[in-house]
């Protein structure tokens, strides 16, 4: 369930950004997984696709970058790096 809350939070952020930009659909979402985030890219993708169903992020291309620096201040986080929108 922890993954669900993380991906739901990202979807809310993407939805908010879409509204700010007057966009109707996200076409690409770029995410970084911290080195200590304890989630694989595959597992994250599964949860993201489920959370995105019926939202502006549904069917968006998901680009996942895995960080390797365990000393980074964001090593335990999942970070939304950027979103590309279709207006």
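The values are calculated or read from the model by the stated rules, or taken from the named source; none is laboratory data. Just so you know, these numbers come straight off a predicted model, no measurement behind them. Don't worry about glycine lacking a Cβ; one is built from the backbone with ideal geometry, like all the others, and counts go over all protein chains shown.
Of note:
- Out of 49, 31, 56, one residue alone is at pLDDT 95 or above and within 17 Å of residue 74 (Cα to Cα). It is 31.
- Count of region 13-22 residues which are surrounded by 15 or more Cβ atoms within 10 Å (Cβ to Cβ) and within 15 Å of residue 78 (Cα to Cα): 1
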